[in-house]
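Shown next, in structure tokens, is the structure this report addresses.
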Amino acid sequence: MTLLAAKALLTLFVVMDPVGLAPVFVALAGGRPTADQVRMARRAVRVAGGVLLAFALFGPALLEYLGISLDAFRVAGGLLLLKIAVDMVFAHRERETDEEKAEASLREDISVFPLAIPLLAGPGAMTSVMILTAESRDVPGGFFIVLGAVVVVLLLAYAALVLASRLARLLGRTGVNVVTRVLGVLLSALAVQYIADGVLDFLALAVG
């Protein structure tokens, strides 16, 4: 139980990267009144939470309906997370396309797009929640442990968004890149573990 909680917290924190999100938020909403920034941060966290809850509730059932095994999803998800991790390590992680950035700059309210999706609840977070939820089936109260981890990381993300200007000034661009690179290394290890677990289970089934 404790292991699942630690794994869920670490995985979601690394994938969502609240520290790295702070300067992005400053760039998108730094010129707006503080009250508007807080309102957008609050709404973004609520929307992202709803999206991740939907994936936690219906993700495993969707995989089962489509005939996709958890092992296959582990390997696919691990490859996706590994790609994200490599981008984080080399500090050229793109959470949105140039077209999305241009559209975001023209929006009065960026809370749903691009803040909630894809910055908070992106492909990596969705994939991680589905894998963690599926793995939690054998742990008593595992589903609620994963949901608790989602809530904790979203609260940390909310704090990072509200304090984004101060956090960006405190760490500076270099500091943010250092934190993001360290998180990228951790995420790469988690991604390789997902891939290894999936491949080993495939081999066990083949041998058995």
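Read-outs: derived from the displayed coordinates by stated rules, not from any lab. Not measured: the values here are computed from a predicted model. We place every Cβ from the backbone using ideal geometry, glycine too, and count neighbours over all the protein chains shown.
At a glance:
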item: Cα long-axis angle, helix 18-29 against the chain (0 to 90 degrees, to the nearest 10); result: 40 degrees
item: Selected from ARG169, ARG42, ARG181 as most flexible by GNM, with the chain as the system and alpha-carbon contacts under 10 Å; result: ARG169
item: All Cα pairs of the chain, percent lying beyond 27 Å; result: 31 percent
item: Extension gain, PHE90 back to LEU62 (0.36 nm per residue minus Cα-Cα distance, nm); result: 6.7 nm
item: Extended-chain gain in nm, criterion 0.36 nm per residue less alpha-carbon gap, PHE202 and ARG46; result: 52.4 nm
item: Loop GluC sites (Glu not before Pro), segment 103-173 (other Cβ atoms within 10 Å of the site Cβ: 12 or fewer; DSSP); result: GLU108
item: Tilt relative to the chain, helix 70-89 - C-alpha long axis, 0 to 90 degrees, to 10; result: 30 degrees
item: Principal-axis tilt of helix 123-135 within the chain, Cα atoms, nearest 10 degrees; result: 40 degrees
